[in-house]
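Enquirer: The structure that follows is given in the form of structure tokens.
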Number of protein chains: 2
Amino acid sequence: MDQSKENQPAAPEGATQAPSDYFTGITWVKTLVPANDQTDCVVSDVTFEAGARNNWHTHPNGQILVVTAGTGYYQEQGRPIQLLRVGEAVNIAPGLVHWHGATPDSRFTHIAINPNASKGGAVNWLQAVTDEEYHSYQG
Amino acid sequence: MDQSKENQPAAPEGATQAPSDYFTGITWVKTLVPANDQTDCVVSDVTFEAGARNNWHTHPNGQILVVTAGTGYYQEQGRPIQLLRVGEAVNIAPGLVHWHGATPDSRFTHIAINPNASKGGAVNWLQAVTDEEYHSYQG
């Protein structure tokens, strides 16, 4: 993939690019609430450029997504892709294999809430989402 | 206050009005993630009409706010009012006395994240924020 600065979309303010080992396409991550002992929740703002998605993965302590911009995909292993719209939330059980990302034509932003951060092991990364899997949305 | 339907702003989709016992002005609350044993976090979408705010209060388990629209106020007891803008977050320690709401001229929306919901006692309400306190923002 050509990631020269000329072709790369502008990062949201304060965000850094997510690691290509675990993301297909360009995704930006900004930490809103770092690790802390007051609420023990880590909160991040995640923006996927159109077509971008993360690998299949699990969260040992679960995760909540809240959509704030654009339209995205969310898929649990063995189930069809679900469309995610602004204002919708997903409550992801500990250990559930899933992925999320933008639709092919829309930049997509969600807040990601990781509870019980002090327990460690926020995410376990698995294999990449193939193009066939990504394009399986039935509408 | 005149709360006839003619003068009342339209509710955001799926939201209900927050109780006037604990809120000054009109505020809307929509539950995004109800009580659950997967993440043990309750997440709500809260919209304050311009001038609206909640009472002084504490959260025994803490709370996180993430601003998604408009401009708001946040004040901790004994400190000046802070302005909150879209994309900003506040991590509120358990037991901290504080309030939040819209500015006088802007509708304001934040997500509210309540961790460790199964511990109970999500909020302890205190006295209303007076007009003098509300209008003490120094800019």
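Enquirer: Of everything in segment A:67-90, what is of a type outside the set (Ser, Thr, Tyr), closer than 23 Å to A:Ser20 by Cα and out of contact with any Ser or Thr (no Cβ under 8 Å at 6 or more places or on another chain)? Give them in sequence order.
Expert: A:Gln75, A:Glu76, A:Gln77
Enquirer: Going through segment B:30-43 one residue at a time, which ones are in contact (Cβ under 8 Å) with a residue 12 or more places away in the chain and crowded, with 20+ Cβ neighbours inside 10 Å?
Expert: B:Leu32, B:Cys41, B:Val42, B:Val43 - these are the residues of segment B:30-43 that are in contact (Cβ under 8 Å) with a residue 12 or more places away in the chain and crowded, with 20+ Cβ neighbours inside 10 Å.
Enquirer: Residues in segment A:54-82 that are away from every other protein chain (no Cβ under 12 Å) and in contact with a strand residue (DSSP E or B) (Cβ under 7 Å, 6 or more places away or on another chain): how many?
Expert: Step one: filter segment A:54-82 for residues away from every other protein chain (no Cβ under 12 Å), giving A:54-58, A:70-82.
Filter once more, so that each one left must be in contact with a strand residue (DSSP E or B) (Cβ under 7 Å, 6 or more places away or on another chain): A:54-58, A:70-77, A:81-82.
Final tally of qualifying residues: 15.
Enquirer: Additional query: Could you check segment B:93-116 and list, in sequence order, the residues that are surrounded by 21 or more Cβ atoms within 10 Å (Cβ to Cβ), within 8 Å of chain A (Cβ to nearest Cβ) and of a type in the set (A, V, I, L, M, F, W, C)?
Expert: Within segment B:93-116, B:Ile111, B:Ile113 meet the criteria.
Enquirer: For segment B:117-130, which positions are in contact (Cβ under 8 Å) with a residue 60 or more places away in the chain, farther than 25 Å from A:Asp40 by Cβ and surrounded by fewer than 17 Cβ atoms within 10 Å (Cβ to Cβ)?
Expert: B:Gln127
Enquirer: Another one. Given B:Ile64, B:Ile81, which one is of a type in the set (A, V, I, L, M) and over 15 Å from B:His110 (Cα atoms)? Spell out the reasoning first.
Expert: On the way: B:Ile64 fails: over 15 Å from B:His110 (Cα atoms).
Step by step, each of B:Ile64, B:Ile81 is checked, and only B:Ile81 is of a type in the set (A, V, I, L, M) and over 15 Å from B:His110 (Cα atoms).
Enquirer: Answer with yes or no whether A:Asp45 is under 24 Å from B:Ala35 (Cα atoms), out of contact with any strand residue (DSSP E or B) (no Cβ under 7 Å at 6 or more places or on another chain) and within 12 Å of chain B (Cβ to nearest Cβ).
Expert: Working: under 24 Å from B:Ala35 (Cα atoms): yes; out of contact with any strand residue (DSSP E or B) (no Cβ under 7 Å at 6 or more places or on another chain): no; within 12 Å of chain B (Cβ to nearest Cβ): yes.
So A:Asp45 fails the test.
Enquirer: Consider B:Asp2 carefully, then state whether it is at pLDDT below 95 and either among the basic types (Lys, Arg) or over 18 Å from A:Val42 (Cα atoms) (or both).
Expert: On the way: at pLDDT below 95: yes; either among the basic types (Lys, Arg) or over 18 Å from A:Val42 (Cα atoms) (or both): yes.
Taking the combined requirement at face value, the residue satisfies it.
Enquirer: Quick check on my filter: what residues within segment A:107-133 are outside any strand (DSSP E or B) and β-branched (Val, Ile, Thr)?
Expert: First, the residues of segment A:107-133 that are outside any strand (DSSP E or B): A:107, A:115-123, A:126-133.
The answer is A:Val123, A:Val129, A:Thr130.
Enquirer: Among the candidates B:Glu133, B:Glu88, single out the residue that is within 9 Å of chain A (Cβ to nearest Cβ) and either modelled with pLDDT of 95 or more or closer than 17 Å to A:Cys41 by Cα (or both). Break it down stepwise before answering.
Expert: Values: B:Glu133 fails: within 9 Å of chain A (Cβ to nearest Cβ).
The conditions single out B:Glu88.
The values are calculated or read from the model by the stated rules, or taken from the named source; none is laboratory data. Keep in mind it's a predicted model, so treat the numbers as computed, not measured. Glycine also receives a Cβ, built like all others from the backbone with ideal geometry; neighbour counts cover every protein chain displayed.
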